[in-house]
Amino acid sequence: MAWTGSNLPAVGEYNQTVVLDAIRRHPDGSTRSKLASVTGLSSMTVANVCRRLLASRLIDEHGTRVSGPGKPAGILRLNPDGGYSVGVHIDPAVVTYVLVDLAGEVRDHTRSGTPSAQDPRSVIDEMARSIDALITTSGVDRSRVLGIGIATPGPVNIEDGIVLNPPMLPHWHKVPLRAALSEATGLPVVLEKDVTAAAVAELWYAEPSDSRDFAFVYYGTGLGTGIAVAGEVVRGISSNAGDPGHMTVDPNGPVCVCGRRGCVGYSVVPRALVERAQREGIMSGTLPAGPAGIAELDEAFSRLAAMATGGDQRAHAVIVDAARQLARAVVVIVNLLDIERVIFGGPFWSRIAPIVLDVLPGVVRDDPALVPPHAVRFTESAIPVDVAAVGAASLVFDSTFSPRASTLLISAD
Ligand SMILES: [Zn+2]
């Protein structure tokens with residue numbers, strides 16, 4: 001999507017984000033006249049904005065390009081070291097930290113076990129220490145770290161930066177994470193539901209030709225959906241949009257926590273697949289209940305997926321059934337949003353990806369319930385590892401640089 005600027009003096013900040021966004025979308029470099037034509041801003045406005053961006057080192061000028069008569073034009077590119085962002089993904093089993101530069105490159109990353117301390121203070125201190133260590137070991141200029149983005153399982157209270165009572169994180173009850181972490185690190189902090197952060201990352205890393213209407217099916221310990229419509233992430237009024245979990249995909253399926261049968265968020269998640277395989281004697285063992293069993297779940301799920309892709313017919317059937325059930329939910333999501341693309345990702349996704357992508361697209365296409373007459377593409381995330389953490393880092397850039405309508409409203413106040 002091309003953003004068009006405004007030549008009104010009151011929205012100078014907005015024009016800056018418009019120009020920066022246009023520069024970012026052309027990694028090979030842009031001239032000032034090209035920027036003027038793609039943004040709709042006057043040559044003088046572009047020249048002024050570029051002067052400010054060069055002075056703040058957010059962009060660099062590399063060489064010149066000769067096109068037609070007149071003076072050779074300077075080529076402007078994003079300066080990857082102009083700014084950095086820290087992304088944190090809190091998962092039931094592991095906390096992932098990434099340091100991302102302005103060009104979107106992951107410069108460094110670390111992981112640690114999810115703190116389960118009763119005392120939120122010690123959790124915050126531990127996270128602040130990990131972030132500090134990440135910035136130090138990466139060797140980047142600390143003064144250029146713009147902020148911290150946190151992606152966490154929902155439900156969340158974005159406005160107050162509070163993690164509500166997420167399933168699988170028993171001691172994380174109403175933790176005021178954003179304020180506490182900002183106080184501990186001295187950096188601005190933004191917080192987002194993990195599936196929404198993943199959708200933000202997909203938009204941030206999208207190729208210019210990529211569709212900006214999509215659903216991101218996030219396959220983690222649970223199942224979630226990040227939604228983008230017309231290039232904007234859909235958050236809902238409480239920023240908790242995108243929970244398809246209680247869609248019925250198997251009327252005869254097991255009883256969900258909600259009391260219904262065969263809910264997709266209950267039937268296709270890693271735990272359900274492993275438990276079925278164990279019940280049917282395809283694998284041995286039983287999973288411990290609750291968060292204590294997450295390491296075992298991870299290991300058992302890897303084993304099941306390896307058996308399935310390695311030719312074990314019964315293990316293969318478990319994944320195929322899950323793919324068929326997931327397809328029923330995908331049809332409803334596509335119908336609801338009339339989207340062109342469904343993206344799959346998340347921490348457990350890659351292990352079952354070959355089988356699901358072999359089965360699901362055909363099942364969706366052949367489903368008589370599918371409404372939109374156009375083709376639907378099924379792709380994998382542009383960020384194969386740590387998509388939620390990278391998404392969390394993108395949130396910082398997004399809230400700092402993205403020329404969205406909301407940004408315009410705020411700067412126009
Ligand atoms: Zn349910």
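Considering only DSSP beta bridges whose two residues both sit in the range 210-381, what percent are antiparallel, to the nearest 5?
55 percent
Farthest toward the dipole's positive end in the chain, which of 382, 249, 83, given Cβ charges of +1 (Lys, Arg) and -1 (Asp, Glu) about the Cα centre?
83
Return the tail of the calculated pair distribution for the chain, meaning the percent of Cα-Cα pairs more than 36 Å apart.
Considering the chain, 30 percent of its Cα-Cα pairs are separated by more than 36 Å.
Ratio to report: Rg/Rh of the range 166-292, with Cα atoms as the point set and Rh obtained by the Kirkwood method; give two decimals.
1.04
Take peptides 190-197, 350-357 and line them up by average Cβ neighbours within 10 Å, highest first, as a rough protection proxy.
190-197, 350-357
Inverting the mean 1/r over all pairs of different Cα atoms, compute the Kirkwood radius of the range 210-381 and quote it in Å.
16.5 Å
For the chain, what is the relative contact order in percent, using Cα pairs closer than 8 Å and at least 6 residues apart in sequence?
About 17 percent, as a whole number.
Under the Karplus relation 6.51 cos²θ - 1.76 cosθ + 1.60, θ = phi - 60°, what is the ordered set of whole-Hz ³J(HN,Hα) values for the range 187-199, x standing for Gly and Pro?
Running phi through 6.51 cos²θ - 1.76 cosθ + 1.60 with θ = phi - 60° gives 10, x, 10, 10, 10, 8, 5, 4, 5, 6, 4, 5, 5 Hz.
Relative to the compact globular guide of 2.2 N^0.38 Å, what is the alpha carbon radius of gyration of the range 350-405, as a ratio?
So the range 350-405 has a normalised radius of gyration of 1.63.
Please list 137, 248, 152 from largest to smallest accessible area, probe radius 1.4 Å, with all protein chains kept in place.
137, 248, 152
Heavy atoms only, probe 1.4 Å: what % of the accessible area of the chain goes to carbon and sulfur, would you let me know?
Carbon with sulfur: 55 percent of the solvent-accessible area.
Give me the 1.4 Å probe accessible area per residue for the chain, excluding ligands and nucleic acids, in Å².
Per residue, the chain has 44 Å² of solvent-accessible surface.
Over the range 210-381, what is the mean sequence separation of C-alpha contacts under 8 Å (at least six apart), divided by residue count, expressed as relative contact order in percent?
24 percent
The values are calculated or read from the model by the stated rules, or taken from the named source; none is laboratory data. As the structure is a prediction and not an experimental result, all values here were calculated from the model. With ideal geometry, Cβ positions are generated from the backbone for all residues, glycine too; neighbour counts draw on all protein chains shown. Note: accessible area is taken over every heavy atom of the protein model, side chains too, but ligands, DNA and RNA are not part of it. Shrake-Rupley method; radii C 1.70, N 1.55, O 1.52, S 1.80 Å.
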